[in-house]
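Chemist: Shown below is the structure under consideration.
Nothing in this text is a laboratory measurement; each read-out follows from the coordinates by a stated rule. All values derive from a computational prediction rather than experimental measurement. Cβ sites come from the backbone with ideal geometry, for glycine too, and all protein chains shown count toward neighbours.
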Amino acid sequence: MEWNEILVPAWRGEANTDIAEIMRLSETEGVISFAGGFPGADMFRLPEVSEVGARILAENGAAALQYGPTAGFSALREYLADRMRARFGVAISPAEVTITSGALQGLDLICRVLLEPGDVVISEAPSYVGALQTIIAYGARVEEIPTDEEGMQVDLLAERLAALSTSARRPKFIYTVPTFQNPSGATLSSARRRLLVDLAAAYGVPLVEDSAYAELRFAGSEVPTLKSLDKSGAVLFLGTFSKILSPGLRLGWVVAPETFTAKLIAVKQTSDQCSSSLSQLLALECGRRGIIERQVKASCALLKERAAAMSAGLKRHFPAGTHWVEPQGGFFTWVTLPDAPGLDTARLLKQAVAEEKVAYVAGRSFYAHGQGANQLRLSFSYPSPADIEEGTKRLGRFFQQALAAGA
Ligand SMILES: Cc1ncc(COP(=O)(O)O)c(C=O)c1O
């Protein structure tokens, strides 16, 4: 069977396995992994969650084990509308909320509704590997806007939008992770947020706000969500329980205008019909009982410690001339090594795992067009401070040697 001949163009050639590789590395015995964007195992509130789970099965077991509505349980949509108001200053109705099987499915549904092969999507660069892979899988072309320590350089976006608006390549949407970005850790400044939302409205281009880490602030002060600044209905908001409760539940949500929500629900019917009923009931009850709020608070304290350990380790062990952004929240530190000919963090990854038993994600995964050879993402959310010290020591030594050997 000649499979390659019948595949759609986006899936011909080598499949991108970056995410699967991150998952695999994170499971390898004895390796200190800075690879996965995983909550620390000590962040889960297992005794409280098990009690809630047992109660749901005892009292509402038939619903928990049954299919549910495609849009998600009404009670959960109502809870999320209330939470969006309380937490993010966003006034929405439950009818604007679609429950999804993770934020990534939310993005996938948006892509299915909006994208045809050859379409243009704008994203900050670097950007979340899962989002890039999803967008590219629909045959779309990613136009990248560079970032700095304040996130996407929105003045450059303005120029790009102006240029694209006079061509036939009007972008279908802009994708951004404005707060504690994956991978850079950077947070978009308030001034840039206002400008970004105004640009989306002025050019009539939807703005997908991925808020995966937005609640996990351990330093600095709050910034408004893009959705809370949105007067024109251009912002599609992606939320997830993955980083505030559990990624194993595979549960997220999309907030969108009702007419667009109807389309998302229609495509979700043909994707998985509905998200897990058990997960939805569990997340709802954990929210109602304050378990999520307690987890967020405790996670922020742990993340603060781990980010400090990461920063100290980088200072102590990494080659002179290494640069990184100090995050104010979230899971990630983005590292730029001194630029040296031949240095390629993607090529060196296997060797780092084999020789030093330490894993990271290579910079190249976070760009649509192959940049990032001297960059890497280090996740500090999962390892203990002691492992972060040991891991940065091993990795620092490894890159010192690679640079000395001419990489
Ligand atoms: C920026 C960003 N968006 C979305 C996701 C995926 O979230 P979910 O587990 O809800 O699909 C991740 C997970 O790492 C992420 O980093």
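Chemist: Tell me the Rg and the Dmax, in Å, that the Cα atoms of region 143-280 produce.
Modeler: Gyration radius and largest Cα-Cα distance of region 143-280: 16.1, 49 Å.
Chemist: Applying a 10 Å radius around every beta-carbon, put 130-139, 85-94 in order of their mean neighbour count, most first.
Modeler: 130-139, 85-94
Chemist: Run through the DSSP bridge list for the chain and note the antiparallel percent, rounded to the nearest 5.
Modeler: If we restrict to bridges inside the chain, about 55 percent are antiparallel.
Chemist: How far apart, in nm, are the 7 Å Cα→Cβ label points at residue 312 and residue 14?
Modeler: 3.9 nm
Chemist: Related question: From Cα coordinates alone, what are the radius of gyration and Dmax values for region 275-355 in angstrom?
Modeler: Answer for region 275-355, Rg first and Dmax second: 19.0, 55 Å.
Chemist: Could you check how many percent of all C-alpha pairs in region 57-158 are farther apart than 22 Å?
Modeler: Roughly 53 percent, once rounded to a whole number.
Chemist: Net charge near residue 264, counting Lys/Arg +1 and Asp/Glu -1 over other residues with Cβ under 14 Å of its Cβ?
Modeler: 0
Chemist: Computed over the Cα atoms, what is the radius of gyration of region 46-289 divided by 2.2 N^0.38 Å, N being its residue count?
Modeler: 1.01
Chemist: Right, something else. Using only the Cα atoms of region 297-407, each taken as one equal point scatterer with no solvent, compute I(q) by the Debye sum, divide by I(0), and report log10 of the ratio at q = 0.13 Å⁻¹.
Modeler: Values returned for q = 0.13 Å⁻¹ are -0.45.
Chemist: If a/c stays under 1.5 just call it rounded; otherwise compare a/b with b/c (prolate if a/b is bigger, oblate if not). Do that for region 211-267, with a ≥ b ≥ c from the square roots of the Cα gyration tensor eigenvalues.
Modeler: In terms of gyration-tensor shape, oblate.
Chemist: Can you tell me the relative contact order of region 46-289? Whole percent, Cα pairs under 8 Å, sequence separation 6 or more.
Modeler: Normalised by residue count, the contact order of region 46-289 is 28 percent.
Chemist: Over the chain, what relative contact order in percent results from Cα pairs under 8 Å that are six or more residues apart?
Modeler: Relative contact order here is 22 percent.
Chemist: For the chain, please report how many Lys pairs fall under 27 Å Cα to Cα, leaving out neighbours fewer than 8 apart on the same chain.
Modeler: For the chain, qualifying lysine pairs total 24.
Chemist: So, one more: How much length would be gained if the chain were fully extended between residue 202 and residue 320, taking 0.36 nm per residue of separation minus their Cα-Cα distance, in nm to one decimal?
Modeler: Difference between extended and current length: 38.0 nm.
Chemist: Still on this model: Taking θ = phi - 60°, what integer Hz values does the Karplus form 6.51 cos²θ - 1.76 cosθ + 1.60 yield along region 44-56, in sequence order, with x for Gly and Pro?
Modeler: Once rounded to whole Hz, the list reads 5, 9, 4, x, 5, 5, 5, 5, 4, x, 5, 5, 4.
Chemist: Follow-up. Using the scaling law 2.2 N^0.38 Å as the reference, what is the normalised Cα Rg of region 296-336?
Modeler: My calculation over the Cα atoms of region 296-336 gives 1.22.
Chemist: Sticking with the crude label model, points 7 Å out along Cα→Cβ, report the distance from residue 74 to residue 262 in nm, one decimal please.
Modeler: If labels sit at residue 74 and residue 262, their model points lie 1.9 nm apart.
Chemist: Rounded to two decimals, what is the ratio between the C-alpha radius of gyration of region 1-102 and 2.2 N^0.38 Å?
Modeler: Normalised Cα radius of gyration, region 1-102: 1.61.
Chemist: What are the residues whose amide H is under 5 Å from the amide H of residue 180, where those residues sit 5 or more places off or on another chain and H is modelled from the backbone?
Modeler: 187, 188
Chemist: Beyond 32 Å, how much of the Cα-Cα pair distribution for the chain remains, as a whole percent?
Modeler: Looking at the chain, the distances longer than 32 Å represent 36 percent of pairs.
Chemist: Where does each of 11, 3, 253 land when they are ranked from fewest to most other beta-carbon atoms within 10 angstrom?
Modeler: The most exposed by this proxy come first: 3, 11, 253.
Chemist: Given the C-alpha centroids of region 51-71 and region 309-388, what is the distance between them in whole angstrom?
Modeler: With region 51-71 and region 309-388 each reduced to a Cα centre, they are spaced 42 Å.
Chemist: Also, I was wondering about something else. Going by a ≥ b ≥ c, the root eigenvalues of the Cα gyration tensor, does region 104-200 fall in the rounded group (a/c under 1.5), the prolate group (a/b larger than b/c) or the oblate group?
Modeler: oblate
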